[in-house]
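Participant: After the structure tokens below, expect a handful of questions from me.
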Amino acid sequence: MKLNVYATPDSVSDKALKDKNAVVIDVLRATSTILAALINGCREVIPAIEIEEVINMSKNYEKDAYLLCGERNIDGIDGFHLSNSPLEYTADKVLDKTLLFTTTNGTKAIRKVVDAREVIMCSITNVDVVAEHLARQKRDTAFVCAGTDGQFSMDDVITAGAVISRLSEMVDDLELSDLAVVAEFLYRNSKGNLHGLLENSTHYKRLMAKGLKADIDYCLTLNAAPVVGIFKDGVIRTLEKMQE
Ligand code: MLT
């Protein structure tokens, strides 16, 4: 089973995903938010690239069936129901709703990897269930880190490392790319202190400066949202719902 880690979505060539799984990671905060919404019972999440795309899609839904969600440059979007804080996505707000969701980097990364065999949402909050899902399939896998504005983001690479570290306990014949080796090494050497490792990283500091420490704490809590989210035909649902 071959594992590649891509530091940014732009570093993934179209052919690289053929017949592979793609694991999309934007731990701070888009994939953590999507997983929080899924575990709290939303019907589905539809990732969009542009704000206008979200507004246009909303015209296809009854008023109470959807929520407008997301951020631009960390801040919530005027007129939207929810920002990109996973802590806002509680069951009383999201249960059975369709979430029309756009973020600066995360939703672009998700939409970029549609050619993969299966597209899986990943964060520190669902590391174990993602590793177990991949181990069951034993398919070659590309970890696609969302990064920030086209730049490598350490938090995403370390999350890939966390999944790879779990996978190496379950699968014997792993073949790691160089960045996969680095990701696993960094994760293992953090010795569980993700905050210590990441506190000087760019996006961590930007979120702290906006007073979003509680969001960071949630996003870096191992297995806080143990759910597998799959992006298929433009929609993210839980694996369970996909199989219904
Ligand atoms: C993004 O998609 O760029 C991020 O999730 C930004 C954020 O922290 O809101």
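Participant: Restricting to the range 128-141, and then to whatever is of a type in the set (A, V, I, L, M) and surrounded by fewer than 24 Cβ atoms within 10 Å (Cβ to Cβ), can you tell me which residue is farthest from the chain's Cα centre (by Cα)? Spell out how you get there, then give the answer.
Facilitator: Initially, the range 128-141 is screened for residues of a type in the set (A, V, I, L, M), giving 129-131, 134-135.
When the remaining residues are screened for being surrounded by fewer than 24 Cβ atoms within 10 Å (Cβ to Cβ), the result is 129, 131, 135.
On the way: VAL129: 13, ALA131: 14, ALA135: 19 Å.
Among those that are of a type in the set (A, V, I, L, M) and surrounded by fewer than 24 Cβ atoms within 10 Å (Cβ to Cβ), it is ALA135.
Participant: Hey, any hits in the range 227-241 for a residue that's open to solvent by less than 60 Å² (accessible area, probe 1.4 Å), β-branched (Val, Ile, Thr), within 16 Å of the ligand (Cβ to nearest atom) and out of contact with any strand residue (DSSP E or B) (no Cβ under 9 Å at 6 or more places or on another chain)? Please lay out each step first, then the result.
Facilitator: Within the range 227-241, the subset open to solvent by less than 60 Å² (accessible area, probe 1.4 Å) is 227-231, 234-236, 238-239.
Filter once more, so that each one left must be β-branched (Val, Ile, Thr): 227-228, 230, 235-236, 238.
Remaining after also requiring within 16 Å of the ligand (Cβ to nearest atom): 236.
Imposing the further condition that a residue be out of contact with any strand residue (DSSP E or B) (no Cβ under 9 Å at 6 or more places or on another chain) reduces the set to none.
No, the range 227-241 has no match at all.
Participant: On to the next question. For the range 175-218, enumerate the residues that are of a type outside the set (Asp, Glu), touching a strand residue (DSSP E or B) at 6+ places or on another chain (Cβ under 6 Å) and open to solvent by 40 Å² or more (accessible area, probe 1.4 Å).
Facilitator: Here is the first cut: in the range 175-218, the residues of a type outside the set (Asp, Glu) are 176-177, 179-183, 185-198, 200-214, 216, 218.
Right, trim to touching a strand residue (DSSP E or B) at 6+ places or on another chain (Cβ under 6 Å) and you get 176-177, 179-180, 183, 203.
Selection gives LEU176, LEU179.
Participant: Only one of these is closer than 17 Å to ASP96 by Cβ, buried (at least 20 other Cβ atoms within 10 Å of the Cβ) and either of a type outside the set (Lys, Arg) or within 16 Å of the ligand (Cβ to nearest atom) (or both): VAL27, VAL23, VAL45. Name it.
Facilitator: After ruling out the rest, the residue left standing is VAL45.
Participant: Just one of the numbered conditions (1) basic (Lys, Arg); (2) at pLDDT 95 or above; (3) under 21 Å from ILE164 (Cα atoms) is not true of LYS210; which one?
Facilitator: Of the numbered conditions (1) basic (Lys, Arg); (2) at pLDDT 95 or above; (3) under 21 Å from ILE164 (Cα atoms), the odd one out for LYS210 is (3).
Participant: Check off (1) of a type in the set (Asp, Glu); (2) away from the ligand (no atom under 16 Å from the Cβ); (3) at negative phi for GLU53 and give me the number that stays unchecked.
Facilitator: Failed condition: (2).
Participant: Now for a different question. Going through LEU3, LEU17, LEU68 one at a time, which residue ends up being among the hydrophobic types (A, V, I, L, M, F, W, C), away from the ligand (no atom under 16 Å from the Cβ) and farther than 25 Å from THR221 by Cα? Can you show your working first?
Facilitator: Values: LEU3 fails: farther than 25 Å from THR221 by Cα; LEU68 fails: away from the ligand (no atom under 16 Å from the Cβ).
That would be LEU17, the only listed residue that is among the hydrophobic types (A, V, I, L, M, F, W, C), away from the ligand (no atom under 16 Å from the Cβ) and farther than 25 Å from THR221 by Cα.
The values are calculated or read from the model by the stated rules, or taken from the named source; none is laboratory data. What you see is a predicted model; the values in this text were computed from it and never measured. Glycine also receives a Cβ, built like all others from the backbone with ideal geometry; neighbour counts cover every protein chain displayed. Accessible surface is based on the protein model in full, side chains and every heavy atom, while ligands, DNA and RNA are left aside. Shrake-Rupley method; radii C 1.70, N 1.55, O 1.52, S 1.80 Å.
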